[in-house]
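In what follows, a single structure is set out as structure tokens and then discussed.
Each reported figure results from applying straightforward, stated rules to the coordinates on display, with no laboratory input. Everything quoted here is computed from the prediction, not taken from an experiment. Every residue, glycine among them, receives a Cβ derived from its backbone with ideal geometry; neighbour counts consider all protein chains shown.
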Amino acid sequence: MNGVLGFCLLLLTFTEGQSQDWPAATARLKVNVLGVAANGGNIHIAIHREATFLQDESALSSVVLSPRGKAEVSGQLEALPHNTYAVAVFQDMNGNDQLDKNALGIPTEPYAFSNNPIVKWRAPTFNDAAVPLNQAEQVISITLKYWKDY
């Protein structure tokens with residue numbers, strides 16, 4: 001019994017305070033973007049947490065891709081802690097680095113979200129676009145559309 005108790009105390013001493021030093025599990029998310037306009041500009045991909053979903057400048061991570069005439073491009077977001085996220089994508093047709101909208105707030109450039117929810121008359125909720133990221137690598141596909149095509 002004394003040996004078992006000693007081993008348990010040793011194990012407790014070893015693990016106490018050590019768990020905070022272990023690196024958190026991270027993942028790589030590859031995003032395939034389909035429906036890219038051949039005559040358009042760069043593709044902007046942003047990943048969001050629930051608390052800041054669709055708030056300007058709130059992306060946890062982002063990447064900008066140059067499609068160079070391709071109808072499909074892929075980008076990777078690296079070192080993401082395992083969690084649930086939503087991905088927003090748009091094609092910047094005029095090169096101003098933002099999703100343009102008309103006076104009614106309707107996007108005038110191609111856009112889409114993870115899970116490809118139908119979002120013509122409302123913005124998607126976080127749950128509409130939620131993607132659980134709980135493995136080392138994950139691949140999703142998102143199809144860009146103009147508002148009129150939803």
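Remarks
- Lysines with Cα under 26 Å of Lys101, excluding same-chain neighbours fewer than 8 positions away: Lys70, Lys120, Lys145, Lys148
- Rounded if a/c under 1.5, otherwise prolate or oblate - the range 63-150, Cα gyration tensor axes: oblate
- Neighbourhood charge, 10 Å Cβ-Cβ cut-off, centred on Val119 and excluding it, Lys, Arg +1 and Asp, Glu -1: +2
- Spin-label pair Thr125/Asp97, simplified geometry with 7 Å Cα→Cβ offset, distance in nm: 3.4
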